[in-house]
1. Taking residue C:177 and the conditions (1) without any contact (Cβ under 8 Å) to a residue 40 or more places away in the chain; (2) surrounded by 14 or more Cβ atoms within 10 Å (Cβ to Cβ); (3) assigned to a loop (DSSP other than H, G, I, E, B), which numbered condition does it fall short on, given that it satisfies the others?
2. For residues that are out of contact with any helix residue (DSSP H, G or I) (no Cβ under 6 Å at 6 or more places or on another chain) and in contact (Cβ under 8 Å) with a residue 12 or more places away in the chain, tally how many sit in region A:142-152.
3. Would you check if residue B:122 is open to solvent by 30 Å² or more (accessible area, probe 1.4 Å), within 14 Å of chain A (Cβ to nearest Cβ), within 14 Å of DNA strand E (Cβ to nearest atom) and in a helix (DSSP H, G or I)?
4. Could you please find all residues in region C:17-54 being near DNA strand E (Cβ under 9 Å from one of its atoms), open to solvent by less than 60 Å² (accessible area, probe 1.4 Å) and β-branched (Val, Ile, Thr)?
5. Among the residues of region C:100-107, is there at least one that is free of Cβ contacts under 8 Å to residues at least 60 places away in the same chain, more than 24 Å from residue C:59 (Cα to Cα) and within 12 Å of chain D (Cβ to nearest Cβ)?
6. Residues that are at pLDDT below 95, in a helix (DSSP H, G or I), open to solvent by less than 30 Å² (accessible area, probe 1.4 Å) and not polar (S, T, N, Q): does region C:77-86 have at least one?
7. What do you reckon, is residue A:173 modelled with pLDDT of 90 or more, under 20 Å from residue A:35 (Cβ atoms) and facing chain B (nearest Cβ under 9 Å)?
8. Can residue D:165 be described as at the interface with another protein chain (Cβ under 10 Å from one of its Cβ atoms), hydrophobic (A, V, I, L, M, F, W, C) and either surrounded by 21 or more Cβ atoms within 10 Å (Cβ to Cβ) or not in a helix (DSSP H, G or I) (or both)?
4 protein chains.
Amino acid sequence: MCRVEKAKPVGRPPNTATSAALKEAALRLMRENGFRKVSITDIASAAGVARQTLYNRWKTKADLVLKAVFEETALVAAEPDAAGEESCRVQLERFLSNVFRHVERDGDAMRSLIAAAQEDEAFQEEFRTRFILPREEMVTGLLRRAQERGEIGRNRDPELLSTLIHGAMWYRMLNGQVVGSAFAHDIVEEVFRS
Amino acid sequence: MCRVEKAKPVGRPPNTATSAALKEAALRLMRENGFRKVSITDIASAAGVARQTLYNRWKTKADLVLKAVFEETALVAAEPDAAGEESCRVQLERFLSNVFRHVERDGDAMRSLIAAAQEDEAFQEEFRTRFILPREEMVTGLLRRAQERGEIGRNRDPELLSTLIHGAMWYRMLNGQVVGSAFAHDIVEEVFRS
Amino acid sequence: MCRVEKAKPVGRPPNTATSAALKEAALRLMRENGFRKVSITDIASAAGVARQTLYNRWKTKADLVLKAVFEETALVAAEPDAAGEESCRVQLERFLSNVFRHVERDGDAMRSLIAAAQEDEAFQEEFRTRFILPREEMVTGLLRRAQERGEIGRNRDPELLSTLIHGAMWYRMLNGQVVGSAFAHDIVEEVFRS
Amino acid sequence: MCRVEKAKPVGRPPNTATSAALKEAALRLMRENGFRKVSITDIASAAGVARQTLYNRWKTKADLVLKAVFEETALVAAEPDAAGEESCRVQLERFLSNVFRHVERDGDAMRSLIAAAQEDEAFQEEFRTRFILPREEMVTGLLRRAQERGEIGRNRDPELLSTLIHGAMWYRMLNGQVVGSAFAHDIVEEVFRS
DNA sequence: GACTAACCGAGACGGTACGTCGTGTCTTAGT
DNA sequence: ACTAAGACACGACGTACCGTCTCGGTTAGTC
């Protein structure tokens with residue numbers, strides 16, 4: 001029998017407070033000034049930390065910000081776990097409203113991340129796997145349940161619908177337009193029309 | 001009394017061939033390496049031109065590329081001028097197919113432009129006015145005609161549909177997925193389902 | 001017939017005041033703090049100039065300092081042009097006294113340069129060619145004239161004597177000892193003893 | 001009454017093999033790459049030892065190397081203990097030949113040490129006391145004996161001669177020229193000429 | 001035979017300097 | 001007036017060492 005022993009770390013362990021300070025500084029500065037405008041030097045000195053320390057933990061600025069955003073939104077985006085009698089339509093609208101509200105706050109950060117992903121293959125991949133796909137699957141899953149319950153027709157394609165929904169959000173966001181609960185309502189209306 | 005109708009230019013006029021060479025170099029290099037990876041210095045020296053010459057004609061790298069892309073796509077995106085008996089559905093699908101085919105070639109440039117727009121207010125505005133809105137209106141107009149002809153219901157919202165359509169395209173493009181004629185067909189199917 | 005036209009410079013010419021300021025700052029800082037302790041950044045900012053400007057003109061800090069020292073000492077080390085009835089012995093003693101007085105002032109800089117030369121082949125070569133050899137030849141020439149005049153014997157080797165003389169100076173200098181006119185006198189005494 | 005004769009060490013004593021490994025690695029790396037090019041990190045990892053271990057035993061890289069060189073050359077430079085009938089002239093020539101041969105091997109290390117001494121007061125002092133002065137005194141002593149024996153005149157200054165001799169060696173060494181037995185012979189010839 | 005102080009490997013961390021790159025502006029001289 | 005070439009200030013980049021500091025684990029010699 002073979003138990004996997006977790007690799008025992010040697011040497012001085014990284015100071016978790018330092019990591020936290022860096023993440024916090026990165027998110028704050030990025031929200032204030034945008035991803036591009038913030039330099040690694042800025043983040044490090046805002047966190048009161050040597051620049052090298054940042055390089056010790058993340059490969060790039062994008063890497064750091066990405067991880068920081070993940071941690072923050074991990075909780076926020078908790079699946080509605082839609083039990084009960086509530087209709088999928090209502091659930092979707094509430095989910096979109098929540099997401100859109102979040103975008104109202106962190107939209108600039110997201111825009112910056114999407115922009116950064118366009119210039120960096122590896123970043124793109126990680127962003128997609130850890131951020132985009134999970135959200136896509138939430139919507140796809142919800143729509144599939146709606147199909148099972150007969151709220152939308154058998155002939156509809158949940159994945160295409162999910163692309164349309166997220167695409168609409170991105171399109172508005174990236175064009176500097178508002179995304180709010182009214183927009184969420186309109187989208188749901190269109191998707192669920194008989 | 002003497003009014004100056006148009007400022008008569010004195011001195012040596014700008015060499016139009018130079019502008020063309022710069023645009024050509026900019027587009028080529030950007031297609032090969034992406035917007036961010038190409039520096040103004042690169043473009044200028046690829047065109048065999050001094051950097052200042054570039055600054056004399058465009059404010060920024062983004063400005064140059066934007067103008068260059070406009071000129072190239074001006075012809076491509078010529079309005080279908082939808083006369084005749086052809087259904088709007090068919091027209092829309094053909095239009096989307098055309099656009100998508102173009103995206104397959106210049107998608108990287110477009111992605112770069114969209115990314116650049118996220119970090120530059122003025123660029124965003126110009127990109128939106130001269131590139132995005134015209135395309136949006138083409139689709140909106142087409143859908144409105146479809147509504148008049150009864151191809152889609154009175155209760156549908158052409159602008160929302162246009163956002164959904166363009167959004168889907170952007171979403172796929174920015175996530176590094178293919179956009180092809182099959183995708184165009186699926187979208188049209190969804191939009192025109194009764 | 002082929003006349004060598006001197007390469008006509010194009011573009012904005014380097015600002016000579018900038019070069020002068022950099023050289024001056026470099027020499028001053030090096031005299032105050034020593035070669036190693038002075039960073040390129042220090043020199044550039046002391047001269048009120050961008051760091052890149054320094055890199056545009058000299059390959060390394062050593063390169064800059066070397067050139068600066070050359071220019072300064074070019075005049076100082078003007079050959080005695082030993083005309084007249086004065087004995088070579090007197091001429092040599094005066095020459096050494098002059099050099100030693102100079103060392104009293106710039107000895108630290110010279111020590112730094114010699115040190116730097118030990119870690120950099122190319123620097124060593126240039127230092128040797130442009131600084132050391134000329135001085136060596138002055139002494140060798142003087143001794144050769146002394147030989148012709150019968151002030152020293154035919155069997156003596158001017159080059160060996162020059163090595164002994166300069167070596168003594170270096171040895172004292174590099175060991176932090178004083179080199180003064182008394183030392184010059186003692187050396188000459190030893191060299192010219194019958 | 002209890003006087004502490006020597007502080008009795010408690011706890012685990014330093015591993016002597018570790019010190020030896022560090023010294024060996026330091027000398028080897030320095031001979032291969034020169035003093036400046038070798039970092040403390042390099043030495044420590046070449047010896048398979050943590051950096052801190054090095055700092056526990058020596059204050060600086062120079063300190064380590066200096067000590068290591070001392071130990072190695074302590075034996076080499078064993079005084080000729082000039083007994084017997086051999087003339088001082090022969091003894092000096094043999095001594096210089098030995099030293100010069102050693103320089104042929106470890107000259108680069110010595111050059112590096114001399115260079116390092118120019119930038120570090122304390123290092124200079126230690127280098128001088130423990131390395132240079134002993135060698136100087138060997139030569140001075142030898143010359144004084146030569147004077148007593150009448151091999152050189154009463155009016156000569158042994159210390160000046162020693163400075164000339166060592167200076168010549170340094171001068172050649174620091175200028176990247178060879179120092180060999182022929183050079184030793186020439187020097188002795190000059191010193192002992194009547 | 002257990003205790004305990006020092007040793008030791010490994011790596012975190014704040015610094016400082018490095019050399020390179022790109023941007024936007026400027027200064028020349030030549031067209 | 002435009003162009004080619006290049007100077008220049010500025011600011012960010014990623015890397016390399018330095019010297020110090022924390023960890024966890026290991027001895028060697030006393031109690």
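1. (2)
2. Residues flagged as out of contact with any helix residue (DSSP H, G or I) (no Cβ under 6 Å at 6 or more places or on another chain) and in contact (Cβ under 8 Å) with a residue 12 or more places away in the chain within region A:142-152 amount to 1.
3. Criteria met by residue B:122.
4. C:38, C:40, C:43
5. no
6. No, region C:77-86 contains no residue that is at pLDDT below 95, in a helix (DSSP H, G or I), open to solvent by less than 30 Å² (accessible area, probe 1.4 Å) and not polar (S, T, N, Q).
7. So residue A:173 fails the test.
8. It is true that residue D:165 is at the interface with another protein chain (Cβ under 10 Å from one of its Cβ atoms), hydrophobic (A, V, I, L, M, F, W, C) and either surrounded by 21 or more Cβ atoms within 10 Å (Cβ to Cβ) or not in a helix (DSSP H, G or I) (or both).
The values are calculated or read from the model by the stated rules, or taken from the named source; none is laboratory data. If you're wondering where the values come from, they're calculated on a predicted model, not measured in any experiment. Methodologically, a virtual Cβ is constructed for each residue, glycine included, from the backbone with ideal geometry; neighbour enumeration extends over all protein chains shown. For the accessible areas, the whole protein counts, side chains as well, though only heavy atoms, and no ligand, DNA or RNA atoms are used. Shrake-Rupley method; radii C 1.70, N 1.55, O 1.52, S 1.80 Å.
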